[in-house]
1. For the cross-link pairs Lys18/Lys232; Lys66/Lys158; Lys10/Lys232; Lys13/Lys108, which exceed 22 Å when the distance is taken from alpha carbon to alpha carbon?
2. Jot down the per residue volume, in cubic angstrom and as a whole number, of the convex hull over the alpha-carbon atoms of segment 32-141.
3. Pick from Asp61, Asp101, Asp43: which residue has the top mean-square fluctuation in a GNM of the chain where Cα pairs under 10 Å get a spring?
4. Roughly what % of Cα-Cα distances in segment 127-315 sit above 24 Å, to the whole percent?
5. Just to be sure I understand: with springs between alpha-carbon atoms less than 10 Å apart, which residue in Ser169, Ser212, Ser279 has the highest mean-square fluctuation in the Gaussian network model of the chain?
6. Over the chain, what is the percentage of antiparallel beta bridges among all DSSP beta bridges, to the nearest 5?
7. Taking the Cβ of Val26 as the centre, find all other residues whose Cβ is under 11 Å away and add up their charges (Lys, Arg: +1; Asp, Glu: -1).
8. Of Leu273, Cys292, Pro241, whose Cα points farthest to the positive end of the dipole of the chain (charges on the beta-carbon: +1 Lys, Arg; -1 Asp, Glu; origin at the Cα centre)?
Amino acid sequence: MRFTHEALIKLTKETVEKRFAHDFNVTAVFLIGSMRPDHVVVDNAADVDLLVLHNGELPRDREIIKLSNEFHLDILYEPASLYTQARELRTEGWRGWIMWDPRLLYQKGRFFEYTQSVVRAQFEEPVNIIKRSHYFADPARALWAEMQNYPENTKPLKVLMCAYQAANSLASLSGPPIPERKLLVELPERANRLELAEMTQTLFASVASNVSVETIRGWLPDWERAFMAAAKSPADLRLHPARLAYYKSAIEEQLSGNLPRAALWPMLLTWALASENESFNDEETQTWKSVCAEAGLNTASVPDRIQALDVFLDGMEEILEQLAEDNGLL
């Protein structure tokens, strides 16, 4: 079933009215993510991201609701208390941008108007931009230190999550963080805005070795089997069965785009997540090991990935120090 943007938003509003408008613990519900703007061109497969701010104990952290084989709602639940200190949100890499320009679907009182007005004030001040970049750079460096100290215990997922945090430390200097699915597609343009195009290649090198586009295409059937094996009982809702088309569509689209190697990112990330789910049979386990060996994510290649991440993070530290110095913050 195909949905227009208008139909997706209509169905989303109906869901919000039915599920949340009569819940006394719900403070507000926002539409966030790629479906937020009006007149969005809907992809072949997409999710509709919702943020529910909740008082008291959360009913759950996250929920996926299937709308069709290609579309689903991705609902994030967070404590409303995380959004009460509006000034501090200016420095938070994710929540600050969420409050910058969400689409309000429901609220009690005037929570949103006040919070957004405070967040937007001084949001683009250099001190806040630098802090939003550190929001990602600092945990990336912490992950790097763990890998540096214990390389023999480093799994592919840790390498990839370190790279994701590192990439968003750069992306945050020129806009909001990049969603997981499109990291390597959007990062080059962000780097170019800052005249830091060389950082893109360093980040690519930290994710994997130079895998050919033909190899990535050849992995697609094995990746899909691995995804579905984990989706039967996913420990991480990113592997919910409703999200298969969401990721597969992104991989295929990126393979056909101007930067086809970018498709390696959503493929490897979800495959690594699936490998942690403990749901692979012997054949799926062996296939994943072979993929890691070729992509440079196996134990023997971990030092190369750690070195590339170190170069990227060193570069980010120099950039942030220079930005702070230029703005009299040191």
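1. Numbers: Lys18/Lys232 28 Å; Lys66/Lys158 29 Å; Lys10/Lys232 30 Å; Lys13/Lys108 16 Å.
In this structure, Lys18/Lys232; Lys66/Lys158; Lys10/Lys232 exceed 22 Å between Cα atoms.
2. Working: hull volume 15.9 nm³, N = 110.
Measuring per residue, one finds 145 Å³ for the Cα hull of segment 32-141.
3. Asp61
4. Working: 6421 of 17766 pairs.
The answer is 36 percent, as a whole percent.
5. Ser212
6. Around 60 percent antiparallel, to the nearest 5.
7. Values: positive: Arg19, Lys108; negative: Asp23.
Result for the neighbourhood of Val26: +1.
8. Positive-most Cα among the choices belongs to Pro241.
Where a number appears in this text, it was derived from the coordinates with a stated rule and is not lab data. Owing to the predicted nature of the structure, the values given are computational and were not obtained by experimental measurement. With ideal geometry, Cβ positions are generated from the backbone for all residues, glycine too; neighbour counts draw on all protein chains shown.
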